[in-house]
Amino acid sequence: MTDDIFDETYREKEGPKPVTRYVWRNIILMALLHLSALYAIWLIPAAKPLTLLWATLCFILSGLGITAGAHRLWSHRSYKATLPLRIFLTIINSMAFQNDIYEWARDHRVHHKFSETDADPHNASRGFFFSHIGWLLVRKHPDVIEKGKKLDLSDLKADKVVMFQRRYYKSSVVIMCFLIPSFVPWYYWGESFYNSFLIAAILRYAVILNATWLVNSAAHMYGNRPYDKHINPRENHFVVFGALGEGFHNYHHTFPFDYSTSEFGARWNFTTGFIDFMCYLGLASDCKKVSKEIILSRKIRTGDGSHKTG
């Protein structure tokens, strides 16, 4: 698969900027979500410890649905997963509620191929706010749609698990993102449904959204570039922690096919540890990795010198 390789020829062909068209439904919903999440923070001291642990577990699971699922497995095909693991990753991906796997992977492949151009869905050259959340509040640039239609997505269309989720995505989101996170604390240990819904569903959902968005914004603006100083993505250790290992972004855009998204394996990379554990259980295999020799050569040739090369 070559659709995650940056297209060097496109940037010179960018045309005039279209008029920004706001999506008011998204603006209102995102405002309500974040206001509700801020209010939910004040409920944390009154919540039961098990509820907070459950919300944390839901955060991790929904995060893995994006990082190990939509990103590393389906967008980049950096490892192979058995049917049971693909089903599990699809279920927890619906808990994350960040578009279905097919759409997420399509937009992510466009992002890699046309990074920091008009065809990039969350083009970081348009500023922090746009790359973080603003891109969801306006209509897509026509180039994003045009380039997305030209990608080879046959592997996604051939995956029955992916297409099943796409067909029933709205129902799966209602169940996995909102009902189950709210129901479990209320039913099993007597938490109020009010606290359960606002903390385990709303606050957790807002936090995982922003953790994912930081990869698009902060990790494209702040940090060092030890592998390729000629591209925007950076190594951002704050994002590494918050996004379950996805902040090694200069490495990832330099070697997008590496299942670990970094040269350090599972160190500070929760998602890599999860994939390694799935391999140990026989549920994942064929993890793609870059050799140390190639990494060292790339550091010397195009890096900014911020990492040791010897």
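Bear in mind these aren't lab numbers, they're just calculated from the coordinates by the rules spelled out. Keep in mind that this is a model prediction, so the values were computed, not measured. Cβ sites come from the backbone with ideal geometry, for glycine too, and all protein chains shown count toward neighbours.
Give the residue list of chymotrypsin sites (Phe, Trp or Tyr not before Pro) in region 127-158 that are DSSP loop and have at most 11 other beta-carbon atoms within 10 angstrom.
Working: sites: F128, F129, F130, W135; in loops: none.
Hits after loop and neighbour filter: nothing returned.
With contributions of -39500 (n - 2.57) from each DSSP H run of at least four residues, the per-residue ellipticity at 222 nm computed over the chain stands at -14000 deg cm²/dmol. In region 185-310, taking the dipole from charged Cβ atoms about the Cα centre, the farthest positive-side position among F248, H230, S217 is held by H230.
Roughly how many debye, to the nearest 20, is the charge dipole of region 121-184 about its Cα centre, given +1 on each Lys and Arg Cβ, -1 on each Asp and Glu Cβ, and no other charges?
Working: 11 positive and 5 negative charges, 42 e Å.
Charge dipole, region 121-184, about its Cα centre: 200 debye, nearest 20.
Checking the cross-link pairs K160/K289; K113/K288; K150/K288; K229/K292; K147/K288 against a 22 Å limit on the alpha carbon distance flags K160/K289; K150/K288; K147/K288 as lying beyond it. Volume per residue for the chain equals 140 cubic angstrom (convex hull of Cα atoms). For the chain, the longest principal axis of the alpha carbon atoms and the long axis of helix 101-113 meet at an angle near 30°. Exposure proxy shown here: for D304, D120, the number of other Cβ atoms within 10 Å sets the order, fewest to most, as D304, D120.
Kindly put V290, V215 in sequence by how many other C-beta atoms sit within 10 Å of each C-beta, fewest to most. Before the final figure, lay out the partial values.
Values: V290 18, V215 26.
So the ranking, lowest neighbour count to highest, is V290, V215.
Helix 24-41 and the long axis of the chain differ in direction by around 60°, with both axes built from C-alpha atoms. Quick one: helix 83-96 against the long Cα principal axis of the chain, what's the angle to the nearest 10°, folded into 0 to 90? For helix 83-96, the angle is close to 70 degrees. Neighbour counts of C-beta atoms inside 10 Å place C177, C279 in the sequence C279, C177, starting with the fewest.
Backbone phi angles across region 275-286, fed through the Karplus curve with coefficients 6.51, -1.76 and 1.60 (θ = phi - 60°), yield HN-Hα couplings of 5, 4, 5, 5, 5, 4, 7, x, 9, 9, 6, 6 Hz in residue order; Gly and Pro are listed as x. Over region 218-300, the Kirkwood radius and the radius of gyration, each from Cα atoms, give a ratio Rg/Rh of 0.99.
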